[in-house]
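S.K.: There's a structure below that I have some questions on.
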Amino acid sequence: MNSKKLIADLGGKDNIESISHCMTRIRIKVKNPQSVNRRQIAGERNVIKEQFIGHEYQIIVSNNVEKEFASLQKQMHSGRNDFTAIEWKTIPSQILVPILSLYTTAAIFQGVLVLIKLCNLVTANSYGFLLNLIRLPVFCLPIIIGYSTAKSVKLKPIAGIGFGIELMAVHHYFKVFPNYVGSLILVILVCLTSKMIFVFLDKKLGVA
């Protein structure tokens, strides 16, 4: 989809209250549904279906909804201050949605592995190795959360990955968090705080 044209067909930036996405569709809350050029949007490349549910306009795309959403969001925020460009209300979904397919796949593989084990098709050692391999995304959750959080607040993803690795190390070696969830919450807070610091430096000092 052409993001610039899509925004025009949605009635312009002033007609758009917020944008978010799920696994298959881009969700756009608009002020005036009558300003949306539905026929033009329906004919866009990669659009399977478009529909209104109340004031929320949904665009179902054929593939790579994250890429289409990122392009639309970037176009929406072009020319605006980096801090005000962040859609704070959509951050939770932007953090969690990218990892849903990963963990769904891991759960399916774990179920298949259990069935294989019950049928005695793998040895105990092989089963243990494969199970740990499948559970690796759970162990690396702080890194994944750091990556998706950084992307959602327009911080460089490598910074979020670095924060996740550091907090995993701190949790593993020093046990400073009461449980594993503590490191997940902290990596989100560290990413948000870092973004605020960088925006402040850029705005006040022009060095970030």
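The values are calculated or read from the model by the stated rules, or taken from the named source; none is laboratory data. No experiment lies behind these values; they were computed from the predicted model shown. As a convention, Cβ positions derive from the backbone with ideal geometry for all residues, glycine included, and neighbour counts pool all protein chains shown.
S.K.: Any idea which of (1) over 15 Å from the mean Cα position of the chain (by Cα); (2) at pLDDT 75 or above is the one residue 145 doesn't satisfy?
M.R.: (1)
S.K.: Still on this structure, please answer the following. Of the conditions (1) surrounded by 12 or more Cβ atoms within 10 Å (Cβ to Cβ); (2) touching a residue at least 24 places away in the same chain (Cβ under 8 Å), residue 101 fails just one. Which one is it?
M.R.: So the condition that residue 101 fails would be (1).
S.K.: Where in segment 109-155 are there helices (runs of 4 or more DSSP H), lying wholly inside it, with at least 2 residues that are without any contact (Cβ under 8 Å) to a residue 24 or more places away in the chain and small (Gly, Ala, Ser)?
M.R.: Result: 124-134.
Yes or no, residue by residue, for (1) under 18 Å from residue 14 (Cα atoms); (2) of a type in the set (Gly, Ala, Ser); (3) in the same structural domain as residue 149 (by TED's automatic domain parsing); (4) modelled with pLDDT of 85 or more:
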site	(1), (2), (3), (4)
45	no, no, no, no
49	no, no, no, yes
57	yes, no, no, yes
65	no, no, no, yes
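S.K.: Quickly run through segment 1-28 and pick out the residues that are crowded, with 18+ Cβ neighbours inside 10 Å and in a strand (DSSP E or B).
M.R.: 16, 19, 20, 21, 25, 26, 28 - these are the residues of segment 1-28 that are crowded, with 18+ Cβ neighbours inside 10 Å and in a strand (DSSP E or B).
S.K.: Let me ask another. Just give me the residues in segment 17-57 being of a type in the set (A, V, I, L, M) and within 20 Å of the chain's Cα centre (by Cα), in sequence order.
M.R.: Selection gives 19, 23, 26, 28.
S.K.: Against the definition (at pLDDT below 90, exposed (fewer than 12 other Cβ atoms within 10 Å of the Cβ) and part of a helix (DSSP H, G or I)), how does residue 90 come out, yes or no?
M.R.: Answer is no for this residue.
S.K.: Could you tell me whether segment 59-71 includes any residue that is of a type in the set (S, T, N, Q), within 18 Å of the chain's Cα centre (by Cα) and in a helix (DSSP H, G or I)?
M.R.: Taking every residue of segment 59-71 in turn, at least one turns out to be of a type in the set (S, T, N, Q), within 18 Å of the chain's Cα centre (by Cα) and in a helix (DSSP H, G or I).
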